[in-house]
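A.B. asks: Right, I'll just put the structure down here and ask away after.
The values are calculated or read from the model by the stated rules, or taken from the named source; none is laboratory data. Note that the structure is a prediction, hence the values are computed from the model and not measured. FYI the Cβ positions are ideal-geometry reconstructions off the backbone, even for glycines, and counts take in every protein chain you see.
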Amino acid sequence: MHLHKTAGESIAATLAPVLVAGDEVVKGSPPPDAAGGVLGKHSTAREARDVLGIDRWERYFTFSFVRHPIDRTLSLYRYIARLAESPKPTLGQRLGLRQVPSGAGRERWPEMRAYRDTDSLSEFIRHPLMEHAVAMRPQATSLGDDHGDLLVDYVGRFERLAPDVAHVQRTLGLPETPLRSLNISPRGRHPGELTREDREYLASRFEEDFVRFGYAP
């Protein structure tokens, strides 16, 4: 299960060489009007289980990776800031008179709209649109059921990425190939200092992750 900003692209690329006919890699997001049964790259474990069926889900080895909630938020901010540097769609593109370049649809993302509406990280994380951003949803809620119990067999850590990916490879009986590095948020962009109030806000917002995965606020 691919959670935002937890090296999901790198993990998928590392495992890609062992895929065989019939294997599927889910990419993108379902369209807004998609009916039930359509999965996206960041679908929750519950959604995947519902589509696959419980019997099939339980036959699989299921896993995901999590990251310290504050570090993950900073990575998200850097990522959105980098994407925001790309040219905005022109009026003609927005009206459908000209072709929209690949990636222009990101202007509709709540994260992008919140970024363009704000001037600081503090404002960004508190923007009302971020209440609807999947990337700001506690990781535990994406991996758990209605009772809070985790649905995946294994949860690795971004902070020990290489050995935990190797554990997944060993569990699946795969060769332990080196981890590939893709879609890394640039470290050169400094998001600004988090205030004590910011950290308290994020500690409250992601309390479930801090408790479930043992991270220190």
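A.B. asks: Return the pairs, sorted by first residue and then second, in which the second residue is of a type in the set (Ser, Thr, Tyr) and part of a loop (DSSP other than H, G, I, E, B), the first residue lies in the stretch 110-135 and is surrounded by 17 or more Cβ atoms within 10 Å (Cβ to Cβ), the beta carbons are less than 6 Å apart, and the residues are 6+ apart or on different chains.
C.D. replies: Correct list of pairs: Phe124/Thr118; His127/Thr118.
A.B. asks: Exactly one condition in (1) within 24 Å of Gln169 (Cβ to Cβ); (2) among the aliphatic types (A, V, I, L, M); (3) crowded, with 16+ Cβ neighbours inside 10 Å; (4) at pLDDT below 95 is not met by Val20; state its number.
C.D. replies: Tallying (1) within 24 Å of Gln169 (Cβ to Cβ); (2) among the aliphatic types (A, V, I, L, M); (3) crowded, with 16+ Cβ neighbours inside 10 Å; (4) at pLDDT below 95, Val20 fails exactly one: (3).
A.B. asks: Go through (1) modelled with pLDDT of 95 or more; (2) among the acidic types (Asp, Glu); (3) surrounded by fewer than 12 Cβ atoms within 10 Å (Cβ to Cβ) for Glu193 and report which single condition fails.
C.D. replies: Among (1) modelled with pLDDT of 95 or more; (2) among the acidic types (Asp, Glu); (3) surrounded by fewer than 12 Cβ atoms within 10 Å (Cβ to Cβ), the lone unmet condition for Glu193 is (1).
A.B. asks: Moving to a separate point now. Run Ser64 past the list (1) modelled with pLDDT of 95 or more; (2) of a type in the set (Ser, Thr, Tyr); (3) assigned to a helix (DSSP H, G or I) and report the number of the one that doesn't hold.
C.D. replies: Condition (3) is where Ser64 drops out.
A.B. asks: Pick out the one residue from His147, His132 that is at pLDDT below 95 and closer than 22 Å to Pro30 by Cβ.
C.D. replies: Values: His147 fails: closer than 22 Å to Pro30 by Cβ.
Of the residues listed, the single one that is at pLDDT below 95 and closer than 22 Å to Pro30 by Cβ is His132.
So that you can scan it fast, the table gives a plain yes or no per residue for (1) touching a Lys or Arg at 6+ places or on another chain (Cβ under 9 Å); (2) in a loop (DSSP other than H, G, I, E, B); (3) surrounded by fewer than 12 Cβ atoms within 10 Å (Cβ to Cβ); (4) modelled with pLDDT under 80:
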{"residue": "Met1", "(1), (2), (3), (4)": "no, yes, no, no"}
{"residue": "Thr14", "(1), (2), (3), (4)": "yes, no, no, no"}
{"residue": "Arg46", "(1), (2), (3), (4)": "no, no, no, no"}
{"residue": "Asp55", "(1), (2), (3), (4)": "no, no, yes, no"}
{"residue": "Pro101", "(1), (2), (3), (4)": "no, yes, no, yes"}
